[in-house]
Amino acid sequence: MSTFHVHRSSPAKSGPPNEPPKPGPGKPAPRWLHMLWLLGLVVTLLILFTPGSKSSTTSLTFSAWKTKVDANQVKTATIDPSGKVTGQFNDKNQTHYQSRIPTALNDNTLAADLAQHHVTVAGTANSTSVWSIIGGLLPLVVLVGLYFWISRRATRQLAGGFMGIGQSKAKVYDEQRPTTRFADVAGYEGAKREISEVVDFLKHPERYAAAGAVAPRGVLMVGPPGTGKTLLARAVAGEADVPFFALTGSSFVEMFVGVGAARVRDLFTAARKAAPAIIFIDEIDAIGQRRGGALVSNDEREQTLNQMLAEMDGFDPSAGIVVLGATNRPETLDPALLRPGRFDRQVEIPLPNLRERAAILAVHARDKHLADDVDLDVVARGTPGFSGADLANLVNEAAIVAVRDGRNTVTADDFAEARDRILLGRREATNALMPDEKHAVAVHESGHALVAALSAHADPVAKVTILPAGQALGVTEQLPADERHLFPESYLKDSLAVRLGGRAAELLVLGEASSGAASDLAGATDLATRMIREYGMSERLGPVGFASGSPMYLGTEEVRSRAYADETQKVIDEEVSDLLREAEQRALALLTDHRDALDRLVDDLIAHETVDGDAVQAALAGAPPPTGPAESGGPLREPQYQSRATPPNAQ
């Protein structure tokens, strides 16, 4: 059940004229760079002053050493000027030794003894060599050089980060641009007209300058997921003869604070050098969320947003730079980002209407082999609420069904099966319900179908099935005769009666209700609450509407505090209850008056498991049901037109 809302934009507050951002003072080098000095100093001191390993060196007195010399156990000897003697033994178990020669000893006598016992005298050991000093200082020199290299590299980069971490990750389409054109985007003529004006300004700025017009600085495309916002941006890249910078909002945000702001500066600097140019930021809500909305703020995200605001404010109107943004969460964006002078235009990309769905299907079916029985207008009529991505998936699923059956031609039945698979999930080949459950589901779905057929303002029934699919034990599909934009009270009340028709049939035939009506009751309660609280359809409350919050394209609503008293809430609850009871009594009355038709439709469903709208009309007329397979109808995208029977053990 779709509704429409009117959004009123608050007037922009006046402020100082736009000025280009002034460059701030350079950031100091990171603290970890200074730690390199300390690390190099420590390593150097360890190398220079840490003594070598002495685990295999034996210290001897002079007499003990002389005894080993006389016993031919000493292999080499090195004597320094201070009288210290070191060398190696012949014994492998005692490799090195050190001793000290008394100063009163005659050196000539010692030299003769060493020569007599075949001790190789290596010479006199010098003091610390120059090469050892250079080797000890080498680590410090390397670390100091690394420090200065990183510092100079960080200075050259805009981000001041490490190894290019602050550089923009935008993909530039300059020489090889996308092949997508506006002709490849079916429908959305108004949106394409808005976007094409931006392209025309970049190609012919002199035409607008002659009229004194200033190009919009930013265009924000908003809409539900899958409606083609990114596809339009690619079409702009294909149509525009200018450099195109494309990236996502999440590519700005990293774990290091300040990186996002640095990447924004780098992106806009590159765009200014390549001007005229287009910058496209997909999923801009990743960095443009409203500030101050959480107890714990994200400094990195806010710095990135602040830098983007400053960059867009600093645009020279004659520079020829336009920013395109895309999001499906416009309600979360910061108001400063949406004010005139930044994103001047907001282009809504809604779900496609009937004509646009047919055009989108034709685009995606161009490379498919379609059978003669495929009518894309019929397929489009049976897919209200589908987005462009849903329709592309539908065509692909239909082709997969054809391949599974060993064919390369896609038929109308393939489209019907693909639509059921997308909406309802995988359908079982056989009915796994027990006989009494099968009868209960048939009663439930027959109640929905007959109440819909007997209500003057309800949508016609297209198909009824009791084959389980996903979590639905049975489904009643309705196909709207026309594309609806307004929903009168009579239509909404008939919708309530249709929703409660399954429960009413259970009470009438089985004597008790079941858990299969859980989803029907939830949908009916939600619709009745909106009728009373938002649409002013209550005599007790009068023409008063209490909106629950701002609708979002992702299917949820912004939660707000209740703007009315507890007594008003009590009246709303009572009115909702009365409205639902009235709808149930109306459904019961219709089914009681047509009990024979209800029994005939139940028997027909049990026998065939799936019937079409003609079988429902035949049951009402008392004629035998039509033979042959049921024709596929188009289920509404909204769940309130389907009976999703809940298993008994569902919570």
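Each reported figure results from applying straightforward, stated rules to the coordinates on display, with no laboratory input. The structure presented is a predicted model; accordingly, all values stated were derived computationally and were not measured. Glycine gets a Cβ as well: all are built from the backbone with ideal geometry, and neighbour counts include every protein chain shown.
What the table shows:
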| read-out | value |
| --- | --- |
| Rg over Rh [alpha-carbon atoms, Kirkwood Rh] for segment 354-424 | 0.92 |
| Phi-based couplings in Hz for segment 340-349 (Karplus 6.51, -1.76, 1.60; Gly and Pro marked x) | x, x, 10, 8, 5, 10, 10, 10, 8, 10 |
| Under the Karplus curve 6.51 cos²θ - 1.76 cosθ + 1.60, θ = phi - 60°, whole-Hz ³J(HN,Hα) for segment 525-541, x wherever Gly or Pro sits | 5, 5, 5, 5, 5, 5, 4, 7, 7, 10, 8, x, 9, 9, 6, 6, 7 |
| Relative contact order computed over segment 354-424 (Cα-Cα under 8 Å; 6+ residues apart), in percent | 37 percent |
| Inter-label distance for Arg581 and Glu483, nm, one decimal - labels placed 7 Å from Cα along Cα-to-Cβ | 4.2 nm |
| Cα-derived Rg to Rh of segment 265-423, Kirkwood definition | 1.16 |
| 15 Å Cα-Cα reach of Lys84 towards aspartates and glutamates, excluding residues that sit fewer than 8 places from it in its own chain | Asp107 |
| Cut-off 11 Å between beta-carbons: net charge of the residues surrounding Ala449, Lys and Arg +1, Asp and Glu -1 | -3 |
| Long-range amide H partners of Phe280 with built H, under 5 Å | Phe245, Ala246, Leu247, Leu324 |
| Proportion of all alpha-carbon pairs of segment 304-380 beyond 14 Å (%) | 73 percent |
| Modelled FRET efficiency - R0 22 Å, Asp372 with Ile422, Cβ distances, 0.05 increments | 0.35 |
| Built amide H within the under 5 Å cut-off of Ile321, gap 5+ | Ala277 |
| Integer Hz, Karplus 6.51/-1.76/1.60 couplings in order for segment 407-421, x for Gly and Pro | 10, 10, 10, 8, 9, 5, 5, 5, 5, 5, 5, 5, 5, 5, 5 |
